[in-house]
Amino acid sequence: MNTLLDIILRLLLAAALGAGIGYQRERANKPAGLRTHILISLGSALFTVISIFGFNGTVDPSRVAAGVVAGIGFIGAGVILRGVRSEHVVGLTTAASIWAVAAIGMAAGVGMYLIATIVTVIAVLVLMIPTVKG
């Protein structure tokens, strides 16, 4: 397969899978919705593709992946901190969905199409489980 076509496929898949989770979050009226999840998944996939193809083998691709994971942690922490109100902490599930969608984007970026798709389906199913309020 043409490398450019393969890269485009990886990025489109990442965007589509991010949209699947983002759509669910949007329907649940969560602050990080469709566009946020698409952009995080797409960005993670692009950083992954750049680490694989952009440096002609001169850089360890796992270093870029570690940077993506750390960066997403900051975004997730911001979602949680923004949601802290009195005794209730909110935003944990949104932060987790952001973290998961970044991993999905990275999986798509390395060409693990089936794994990325399966994890997306599992994540959407998990997000659809109703919460039990005490």
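Where a number appears in this text, it was derived from the coordinates with a stated rule and is not lab data. Quick caveat: nothing in here was measured; it's all calculated off a predicted structure. Please note: Cβ atoms are built from the backbone with ideal geometry, for glycine as well, and neighbour counts cover all protein chains shown.
See the values below:
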quantity: Among the residues listed as 45, 107, the single one being among the hydrophobic types (A, V, I, L, M, F, W, C), crowded, with 18+ Cβ neighbours inside 10 Å and either touching a residue at least 40 places away in the same chain (Cβ under 8 Å) or not in a helix (DSSP H, G or I) (or both); calculated: 45
quantity: Matching option when the condition is surrounded by 15 or more Cβ atoms within 10 Å (Cβ to Cβ) and without any contact (Cβ under 8 Å) to a residue 40 or more places away in the chain, among 20, 33; calculated: 33
quantity: Restricting the stretch 48-69 to residues that are within 13 Å of the chain's Cα centre (by Cα) and free of Cβ contacts under 8 Å to residues at least 40 places away in the same chain, the residue that is nearest to residue 12 (Cα to Cα); calculated: 68
quantity: Residues that are part of a helix (DSSP H, G or I) and basic (Lys, Arg), drawn from the stretch 6-32; calculated: 10, 25, 27
